[in-house]
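K.L.:
Can you read through this structure? Questions will come right after.
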Amino acid sequence: MDTSSLPLLSSKQMAAFVAHGFLRFDEIVPPDMAAAALDELASGAGPAAWRADDPHASDAGRPLGTLWTRSPAIGPVLRLPRVAGLIHSLLGPGALYDHHYAHVIGPRQPWSQPWHADAVLDPRPLAFDIQLMFFFHDTPREMGGTMILPGSHLRRANELEISRVQNFRGQLPTVCPAGTLIVIHHGIWHCGQPNRTDRARTMFKVRLGPSGKQLRSWDVTDLDDPDVIRTLRHEHPFTGSQARLEIVNRIKLWRCLTGDPTFDIDYWLGRMGEHAPAGR
Amino acid sequence: MRQQLLFLCLATPNPTSAVVSWSFFDGTGGTTTMAGDGDQPPYDSVLAAMKDGWRVLQVPVVRAAAPGREHETGPLPYEFVLEKLVDPAGRG
């Protein structure tokens, strides 16, 4: 895929991802494609060359560009210019497929999934995977959908060890129109919500990882916009007296993404000699 | 008697500070609770819960950060555990 003409994320959007751990794109998938995607998911077909005869084959670690090449809907959705552009912006060129899953919650399912972070604790200090969560049909509150905790993505929690908590200040249920995409940082805390309607709820998730450095792969023309720093220093209500630690960790991630080791907010890392000679 | 447990995470280790997360587990079986079932905490602080009869079972232990891990964050650190003992038949 030619990535040179893709619509890329702005620095302000990237800063929002770094601060909140997610981005939301309402109705990014046109209605006809969304309906076709639901049909394709219902067929159970996998990502590799429409390989219905080998459903257990592992495609993990393969370039996304080599998958869903002949699928009627999921492939075209992932290759929508805005979708491909945000993947490129967040991960850099050559995103790698990790796994996908169609989360289908049946009608009148009264229980919530406990709060958790996906997969085992990830020791990478700054690099991140993304998860695309597509809501191909209208998702009102009584249908769920996935609840996320904005700003939790840089906190180290292994799977269900946060499951004792039921509610956080600032928790955010996904209530959205058909065709909406929520992109999350792999570390964000989340839980599937009950479906109190008479219809099944489907959320299609795809996890993708970087194949190289995640470095200035978005549209950086607005890098010096004051809204970037304003966004990075947002304080989420659940963080309490650790709010500044969150901002320090965002500074570190922003330095990594921009390649600027001197980036700072209010000299918080600078005063610690973070870009002074080693050992000082 | 049956036990009810209330977990309140606060903004700081100070029991008068604001509740930032909460959970309720009802040993009487009278109430079922789950993730995402409330927008507002049952109390503004641990002290407010104490004034309503909740007994504090556990307070958070505050530790210095390990060298090299001063900026690391994880599960919320300032968790108080509170209980009430309730007669499920409503006696006493």
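K.L.:
If you go through the stretch A:81-95, how many residues are under 30 Å from A:Ala200 (Cα atoms) and touching a strand residue (DSSP E or B) at 6+ places or on another chain (Cβ under 9 Å)?
P.N.:
4
K.L.:
Mind listing whichever residues of the stretch A:105-134 are within 19 Å of B:Gly36 (Cα to Cα), out of contact with any His (no Cβ under 9 Å at 6 or more places or on another chain) and either surrounded by 15 or more Cβ atoms within 10 Å (Cβ to Cβ) or outside the structural domain of A:Asp198 (by TED's automatic domain parsing) (or both)?
P.N.:
Result: A:Ile105, A:Gln109, A:Ser112, A:Pro114.
K.L.:
Further, regarding this structure: Can you tell me which residue among A:Leu160, A:Leu149 is closer than 23 Å to B:Thr32 by Cα, surrounded by 24 or more Cβ atoms within 10 Å (Cβ to Cβ) and modelled with pLDDT of 95 or more? Before the answer, list the steps.
P.N.:
Numbers: A:Leu160 fails: surrounded by 24 or more Cβ atoms within 10 Å (Cβ to Cβ).
Result of the check over A:Leu160, A:Leu149: A:Leu149.
K.L.:
Being assigned to a loop (DSSP other than H, G, I, E, B) and crowded, with 23+ Cβ neighbours inside 10 Å is the filter; apply it to the stretch A:189-207 and report the residue that is farthest from the other protein chains (Cβ to nearest Cβ).
P.N.:
Among those that are assigned to a loop (DSSP other than H, G, I, E, B) and crowded, with 23+ Cβ neighbours inside 10 Å, it is A:Trp189.
K.L.:
Here's something else I'd like to know. Only residues that are more than 30 Å from B:Thr16 (Cβ to Cβ) and touching a strand residue (DSSP E or B) at 6+ places or on another chain (Cβ under 7 Å): list them for the stretch A:222-252, please.
P.N.:
Of everything in the stretch A:222-252, just one residue is more than 30 Å from B:Thr16 (Cβ to Cβ) and touching a strand residue (DSSP E or B) at 6+ places or on another chain (Cβ under 7 Å), namely A:Asp222.
K.L.:
Now a separate question. How many of the residues making up the stretch A:96-124 are assigned to a loop (DSSP other than H, G, I, E, B) and either touching a residue at least 60 places away in the same chain (Cβ under 8 Å) or touching a strand residue (DSSP E or B) at 6+ places or on another chain (Cβ under 8 Å) (or both)?
P.N.:
13
K.L.:
Checking the structure you have, find out if any residue of the stretch B:85-92 is in contact with a strand residue (DSSP E or B) (Cβ under 9 Å, 6 or more places away or on another chain) and free of Cβ contacts under 8 Å to residues at least 12 places away in the same chain.
P.N.:
Within the stretch B:85-92 (the criterion being in contact with a strand residue (DSSP E or B) (Cβ under 9 Å, 6 or more places away or on another chain) and free of Cβ contacts under 8 Å to residues at least 12 places away in the same chain), the answer is no, since none of the residues qualifies.
The values are calculated or read from the model by the stated rules, or taken from the named source; none is laboratory data. Because the structure is predicted, anything quoted here is derived from the model rather than measured. As a convention, Cβ positions derive from the backbone with ideal geometry for all residues, glycine included, and neighbour counts pool all protein chains shown.
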